[in-house]
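The values are calculated or read from the model by the stated rules, or taken from the named source; none is laboratory data. Nothing here was measured: the structure is a model prediction, and the numbers come from that model. Neighbour counts run over all protein chains shown; Cβ positions are idealised from the backbone, glycine included.
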Amino acid sequence: MLRELIIVSIAVASCLLTDDRASGATSEPAPVVKRFTADEARQGVASDGAYFYAIDNSRIGKYRIDTGEKVAEWQGDAEAFPHINSCTVIGTELACATSNYPAVPQTSLVEFFSLSPLQHLRSVALADMPGSLTAMDRHDGHWWGVFANYDTKGSPAGKDHRDTYLVKLDDAFQPLKAWTFPEDVLARFAPSSCSGMAWTDAGALLASGHDKPEVYVLSLPEAGTVLRHAATIPVISNGQAIDVDPVEADLLWSIDRATKTVIASTIAPQDF
């Protein structure tokens, strides 16, 4: 079923245009209000409002937001957990998008962890997906995943950054519908793909690439299967996975991979 959805997505992509306001960043970077050093800050960050979780390929560090103190860590077997891409807090659990990147054929899983104590709970293997799972979120009663392909490695022959999809899934992680990303956003992703994704309380979809200091504000189209690009928010972090704070709705979490820094920035309503 997913393969048919993707074919439809590609067929209509050339017929839809993105918002003219969305061609690039138009203001100063979002103000930074919190900054922490975390050795695990290599892939992304998640927050539950009281703690943030710094993510690396096979390890997670739990830190207090008020003090930056590290209170727990989880270390997995690198062969069993080769590439945790991003995580988000859902209830009392941390749901993490993982893959076997850069190996092919591509395989993806959702790994679940308890928050306290920080430990692995279960794995959910995904099948028949159009790329490597890089980001997950829960929104409007469904799971949402981003499946990525790349220009250099980790993708089957004939696929590249343009083969990046947002997929809506049911509670059993079966695909329901797929969307492609707008051409201007895909061009900004190149030669990599989408690294982070998070829904806001207001219903905006935020996405980040792997290396550019900006976050893209997207929405589902009224018709067709190409996401709408509404705006671009400049940030000081260079891509990787992001998260929206569940307590402070205007707080965007990101990382600077080069310095292993976790950053919380304020995003204003007008940014959407």
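Does ASP137 fit the bill of being surrounded by fewer than 16 Cβ atoms within 10 Å (Cβ to Cβ) and in contact (Cβ under 8 Å) with a residue 12 or more places away in the chain?
No; evaluated as a whole, the condition is false for this residue.
Tell me which of these ALA25 doesn't satisfy, since it passes every other one: (1) out of contact with any Asp or Glu (no Cβ under 7 Å at 6 or more places or on another chain); (2) under 21 Å from ALA207 (Cβ atoms); (3) at pLDDT below 95.
Unmet for ALA25, out of (1) out of contact with any Asp or Glu (no Cβ under 7 Å at 6 or more places or on another chain); (2) under 21 Å from ALA207 (Cβ atoms); (3) at pLDDT below 95: (1).
Take the residues in the range 142-163 that are of a type in the set (Gly, Ala, Ser) and not in a loop (DSSP other than H, G, I, E, B); name whichever of them is farthest from the chain's Cα centre (by Cα).
The residue in question is ALA148.
Which residues, counting only those in the range 218-243, are closer than 23 Å to ARG42 by Cα, out of contact with any helix residue (DSSP H, G or I) (no Cβ under 7 Å at 6 or more places or on another chain) and touching a residue at least 60 places away in the same chain (Cβ under 8 Å)?
Across the range 218-243, the qualifying residues are PRO234, VAL235, ILE236, ALA241, ILE242, ASP243.
Please enumerate the residues belonging to the range 216-272 that are outside any loop (DSSP other than H, G, I, E, B), surrounded by fewer than 16 Cβ atoms within 10 Å (Cβ to Cβ) and out of contact with any Asp or Glu (no Cβ under 6 Å at 6 or more places or on another chain).
Correct list: SER219, ALA258, THR259, PRO269, GLN270.
Can you tell me which residue among ALA202, ALA207, ALA157, ALA172 is in contact (Cβ under 8 Å) with a residue 60 or more places away in the chain and loosely packed, with under 15 Cβ neighbours inside 10 Å?
ALA202 is the lone residue from the list that is in contact (Cβ under 8 Å) with a residue 60 or more places away in the chain and loosely packed, with under 15 Cβ neighbours inside 10 Å.
Given the options LEU176, LEU166, name the one that is in a strand (DSSP E or B) and within 22 Å of VAL104 (Cα to Cα).
Among LEU176, LEU166, only LEU166 is in a strand (DSSP E or B) and within 22 Å of VAL104 (Cα to Cα).
With the requirement that a residue be surrounded by fewer than 22 Cβ atoms within 10 Å (Cβ to Cβ) and either touching a residue at least 40 places away in the same chain (Cβ under 8 Å) or in a strand (DSSP E or B) (or both), what does the range 89-100 give you?
VAL89, ILE90, GLU93, ALA95
Would you be able to tell me the number of residues in the range 101-134 that are assigned to a strand (DSSP E or B), of a type in the set (Gly, Ala, Ser) and either under 19 Å from the mean Cα position of the chain (by Cα) or modelled with pLDDT under 95 (or both)?
4
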